[in-house]
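Structure first, then comments.
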Amino acid sequence: MAERKARVERNTLETQITVAVNLDGTGDIKQNTGLPFLEHMLDQIARHGLIDMDIVANGDLHIDAHHTVEDLGITLGQAVNKALGDRKGIRRYGHAYVPLDEALSRVVIDFSGRPGLEMHVPFTRASVGGFDVDLFYEFFQGFVNHALVTLHIDNLRGLNTHHQIETVFKAFGRALRMALEPDPRMAGIMPSTKGCL
């Protein structure tokens, strides 16, 4: 199997971002975004998805975190899409339930070639660690649009906002890992009756 690695740069008047991924990694991550709580969540994707990531982001944080978070989602989505190639031989679908104390989240993903996001997370607070939790929707919307996936995110229960978010990101990593995994029975086969994704 060919190496599933990619590096993408995104440079705008608002952000300068570089993301490198190895979809067949061990969960190693190096990152410098200026957003500690987001980095804690990106670490969940790497560790639970077994995806190596190297992320550097310089954004207009003096305004707010919106542009940086959205563009990180976009760039990560582009990198995953590029590393994946033609999508032949993958399982395509992934799902995970992850608990953390009182919180429980479910994430289901389809590498369908069609972007779509359904995110239902009733956050109990507006911010955690100074981070605006509404921006997580922007992160996932950016990812979905550029990785070309259908993504359903549901926080089924939770009282602690940190726990809600962490279960979402851990489940996202686990679902990614399942969907991206090569299926030996599908080697060289497009996982679609249409013959393309």
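Close Cβ contacts (under 8 Å, 6 or more residues apart or on different chains) running from residues in the stretch 109-135 that are under 16 Å from Arg92 (Cα atoms) and in contact (Cβ under 8 Å) with a residue 60 or more places away in the chain to residues that are basic (Lys, Arg) and assigned to a strand (DSSP E or B) are absent.
Checking each residue in the stretch 25-51 for being crowded, with 16+ Cβ neighbours inside 10 Å, outside any helix (DSSP H, G or I) and not β-branched (Val, Ile, Thr) picks out Gly25, Gly27, Gln31, Leu35, Leu50.
Of note, Ala103 satisfies the criterion of being of a type in the set (A, V, I, L, M, F, W, C), touching a Gly at 6+ places or on another chain (Cβ under 7 Å) and modelled with pLDDT of 95 or more.
Taking each residue of the stretch 4-32 that is within 10 Å of Ala57 (Cα to Cα) and looking for partners that are in a loop (DSSP other than H, G, I, E, B) and not hydroxyl-bearing (Ser, Thr, Tyr) with beta-carbon atoms closer than 8 Å, six or more apart or interchain, yields Thr15/Asp60. Look at (1) of a type outside the set (Asp, Glu); (2) under 15 Å from Ser112 (Cα atoms); (3) touching a strand residue (DSSP E or B) at 6+ places or on another chain (Cβ under 6 Å) and you find that Ala147 fails only one, number (3).
Note on the stretch 145-163: among residues that are among the hydrophobic types (A, V, I, L, M, F, W, C) and closer than 13 Å to Ile109 by Cα, the one that is surrounded by the fewest Cβ atoms within 10 Å (Cβ to Cβ) is Leu148. Going through (1) of a type in the set (Val, Ile, Thr); (2) in contact with a helix residue (DSSP H, G or I) (Cβ under 7 Å, 6 or more places away or on another chain); (3) modelled with pLDDT of 95 or more; (4) farther than 19 Å from Val133 by Cα one by one, Ile45 falls short only on (4).
When Glu118, Glu70, Glu166 are checked against the criterion of being surrounded by 16 or more Cβ atoms within 10 Å (Cβ to Cβ) and either more than 20 Å from Gly49 (Cα to Cα) or modelled with pLDDT under 95 (or both), Glu70 stands alone in meeting it.
Candidates Asp86, Asp54, Asp60: the one that is surrounded by fewer than 22 Cβ atoms within 10 Å (Cβ to Cβ), within 29 Å of Leu197 (Cβ to Cβ) and either hydroxyl-bearing (Ser, Thr, Tyr) or at pLDDT 95 or above (or both) is Asp54.
The values are calculated or read from the model by the stated rules, or taken from the named source; none is laboratory data. A quick note: this is a predicted structure, and the numbers were derived from the prediction, not measured. Virtual Cβ from ideal backbone geometry, glycine too; neighbours counted across all protein chains shown.
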